[in-house]
1. Give me the lysines in straight-line cross-link reach of K68: C-alpha distance below 28 Å, same-chain residues under 8 apart excluded.
2. Can you give me the convex hull volume of the Cα atoms of segment 64-143, divided per residue and expressed in Å³?
3. Among residues other than H5 whose Cβ falls under 10 Å from its Cβ, what is the net charge (Lys/Arg +1, Asp/Glu -1)?
4. Once R0 is set to 30 Å, what does the formula 1/(1 + (r/R0)^6) return for the Cβ-Cβ distance between I83 and A113, expressed as a FRET efficiency to the nearest 0.05?
5. On C-alpha positions alone, give me the angle between the axis of helix 208-222 and the longest principal axis of the chain, in degrees, nearest 10.
6. Estimate the FRET efficiency between A188 and R270 by the formula 1/(1 + (r/R0)^6), using the beta-carbon distance for r and 25 Å for R0, to the nearest 0.05.
7. Using a 1.4 angstrom probe on heavy atoms only, work out the carbon and sulfur share of the accessible area of segment 1-151 in %.
8. Using only Cα atoms, what Kirkwood radius does segment 132-211 have, in angstroms?
Amino acid sequence: MIYEHASDWMDAAHKRVVFFAMSGLGKTHLSKMLAATGDWFHYSVDYRIGTRYMAEPIADNLKKEAMKVPFLAEMLRADAIHIAANIHDDDLTAVSAYLGKPGDPDRGGLPMAEYTRRQRQFREAEERTLLDTGQFIARAQEVYGYSHFVCDTGGSICEWVDPEDPDDPILRALSSECLMVWIKGTDAHTDELVRRFDRAPKPMAYQPEFLARVWKEYLSENKLQEGDVDPDTFIRWTYAQALAHRQPRYEAMARNWGLTVCASDMASVRDATDFDAVIAAALDAPR
């Protein structure tokens with residue numbers, strides 16, 4: 001780790017940190033709070049994915065839908081209107097809509113072949129975005145004059161890395177530049193995330209092997225063909241399994257590449273001073 005002890009962190013002229021955790025545990029909230037101080041550059045992985053590496057396919061998908069409306073089709077062909085996704089670091093509706101859900105097209109589902117193609121696109125985009133972190137650290141300091149840097153990763157980072165491999169290219173690149181911090185939730189947090197997801201299921205990215213396994217199990221257990229699957233029912237059924245699949249991967253990332261901070265401790269952070277204290281305590285805690 002680039003900061004071994006609390007004193008290394010507290011004395012650092014340039015603090016650099018990567019947050020990783022399940023979506024919904026406060027990564028973006030903390031990142032925006034730090035950015036609001038004026039001293040921290042907020043690098044949102046999800047935002048860069050949507051605005052840089054997946055901007056064209058997302059926009060093309062929106063245009064395909066617009067082309068189904070004769071008036072809009074005529075306007076698009078005449079180059080009279082412009083259609084693009086409006087993406088924010090805390091609202092990724094356009095990205096999620098493009099990822100979609102597999103199943104019955106009459107219920108908004110995608111054929112599995114198309115669904116997995118979009119999953120591959122997202123994986124490639126996220127991997128490239130994570131590897132861009134170093135250049136954004138340099139830009140944040142050299143171009144904009146920020147002293148500190150926070151990388152706000154998506155919940156799927158753990159799907160594309162091997163935390164047990166000391167030569168994993170993404171984890172080596174990130175840990176060489178930043179302190180890797182896992183925001184660890186409790187069982188109660190997980191239960192609340194599941195309840196929240198059940199109320200409003202949203203598309204997410206999955207490790208290919210995991211997706212293939214759960215899709216096969218779902219079809220078999222429910223005696224369904226691909227086109228019979230209710231997309232929302234499938235992703236609800238999958239979500240808790242996805243969280244259980246990710247938990248040990250996050251834990252290994254923290255054990256081998258960084259440190260762990262409890263979500264309850266992060267929830268108590270109200271300003272940059274509080275944040276420094278929480279990180280310092282975690283650095284000096286037994287590991």
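The values are calculated or read from the model by the stated rules, or taken from the named source; none is laboratory data. This structure is a prediction, so every number in the text was calculated from the model and none was measured. FYI the Cβ positions are ideal-geometry reconstructions off the backbone, even for glycines, and counts take in every protein chain you see. Accessible surface is based on the protein model in full, side chains and every heavy atom, while ligands, DNA and RNA are left aside. Shrake-Rupley method; radii C 1.70, N 1.55, O 1.52, S 1.80 Å.
1. K101, K202
2. Enclosed volume per residue, from the Cα hull, is 145 Å³.
3. -4
4. Using R0 = 30 Å, I get an efficiency of 0.75.
5. So the helix axis and the longest Cα principal axis differ by about 50 degrees.
6. 0.70
7. The value for segment 1-151 is 49 percent carbon and sulfur by accessible area.
8. Radius from the Kirkwood sum: 15.5 Å.
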